[in-house]
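Here the structure is laid out as C-alpha cells; the discussion comes afterwards.
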C-alpha cells in the first residue's frame with residue numbers, strides 16, 4: 001500500500017513538472033507573422049483582377065462604335081481609350097514584374113511589410129479608375145484632371161510607403177535571403193533612396209499636370225518605360241549603388 005502511494009506521488013510530481021515545463025515553454029514562444037507567400041498570392045490575384053478591369057473600358061465602347069457608319073474611323077476617334085489602356089497595362093504589368101523581381105530576395109514579414117504591401121495593392125486596385133478617368137478626359141477640357149488623377153494612382157504607392165517609413169524612421173525592416181546580389185544593409189539604403197526619389201518625382205509631375213498636362217503625361221510615359229525591365233535596371237545600377245552607398 002505504501003509502495004503504491006509512493007508510485008502515485010512520484011507520477012504526480014513528474015506530471016506536475018511536465019505541465020510546469022510546458023507552461024514555461026509556451027510563455028517563451030511568440031506568435032509569428034504571416035508568411036510572405038500569402039502576400040505574394042494576394043498580390044497576384046489583385047494584379048490579375050486589375051489587369052482584367054482595364055479591358056472593360058475598351059469592351060464597353062463596342063456598342064457605340066458599332067453604330068458608326070465607318071467602324072475604323074470610330075475606333076480612331078476613341079484613341080484616348082486605347083492609349084490609356086496601353087499605358088495602364090504597361091504600368092500594372094511592369095509593377096508586377098518589379099514587385100516579384102525584388103520580393104524573390106525577401107523572407108519573412110512584419111507589420112511594416114504587411115501594411116506596405118497592403119497599401120500597394122490598394123493603389124494597384126485603383127489603377128483601373130485612373131485609366132478610366134484618363135481615357136474619358138484626355139481629349140476634353142478636363143484633360144488636366146484626367147492626367148492629374150492618373151498620376152495620383154501611378155505614384156500613390158510610393159507616397160504611402162514614405163509615410164509608413166516615417167513611423168520606422170526610414171529604416172525599412174525588411175529581411176533578405178543570402179542570395180541577394182548586394183549586402184542587405186546596402187539594399188535597405190538603396191530602397192529608401194529609390195522610394196524617396198520616385199515619390200518626389202511623382203509629386204513634381206502630378207503638380208505639373210495641373211498646368212502642363214501633356215508635359216506631365218510625357219513624364220509619366222518616360223517613368224513607366226524606365227520600369228519595363230526591372231532586372232536589367234537593378235543589374236545596371238548595382239555598381240553605381242555600391243560605389244555611392246559604401247563611401
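The values are calculated or read from the model by the stated rules, or taken from the named source; none is laboratory data. Every value quoted in this text rests on a predicted model; they were computed, and no experiment measured them. Note that each Cβ is placed from the backbone with ideal geometry, even for glycine, and that neighbours are counted across all protein chains shown.
None of 57, 70 is surrounded by 18 or more Cβ atoms within 10 Å (Cβ to Cβ), farther than 30 Å from residue 165 by Cα and at pLDDT below 90 except 57. Residue check: residue 182 meets all listed conditions (1) touching a residue at least 60 places away in the same chain (Cβ under 8 Å); (2) assigned to a helix (DSSP H, G or I) but one, namely (2). Pairs are defined by a Cβ separation below 9 Å, a sequence spacing of at least 6 or placement on different chains, a first member in segment 106-121 that is without any contact (Cβ under 8 Å) to a residue 40 or more places away in the chain, and a second member that is assigned to a helix (DSSP H, G or I); the pairs so defined are 118/39; 118/42.
Here is a yes/no grid of residues against (1) surrounded by fewer than 17 Cβ atoms within 10 Å (Cβ to Cβ); (2) more than 27 Å from residue 173 (Cβ to Cβ):
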position	(1), (2)
105	no, no
115	yes, no
122	yes, no
140	yes, yes
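When 48, 43 are checked against the criterion of being surrounded by 12 or more Cβ atoms within 10 Å (Cβ to Cβ) and under 20 Å from residue 111 (Cβ atoms), 43 stands alone in meeting it.
Would segment 217-234 turn up any residue that is buried (at least 18 other Cβ atoms within 10 Å of the Cβ), without any contact (Cβ under 8 Å) to a residue 60 or more places away in the chain and within 21 Å of residue 107 (Cα to Cα)? Within segment 217-234, not a single residue is buried (at least 18 other Cβ atoms within 10 Å of the Cβ), without any contact (Cβ under 8 Å) to a residue 60 or more places away in the chain and within 21 Å of residue 107 (Cα to Cα). Count of segment 142-152 residues, restricted to those that are surrounded by 22 or more Cβ atoms within 10 Å (Cβ to Cβ) and under 25 Å from residue 44 (Cα atoms), is 2.
Taken over segment 115-142, the residue count meeting the criterion of being outside any helix (DSSP H, G or I) and touching a helix residue (DSSP H, G or I) at 6+ places or on another chain (Cβ under 7 Å) is 2. Tally time: how many residues in segment 194-216 are within 18 Å of the chain's Cα centre (by Cα) and free of Cβ contacts under 8 Å to residues at least 40 places away in the same chain? Total satisfying the criteria: 5.
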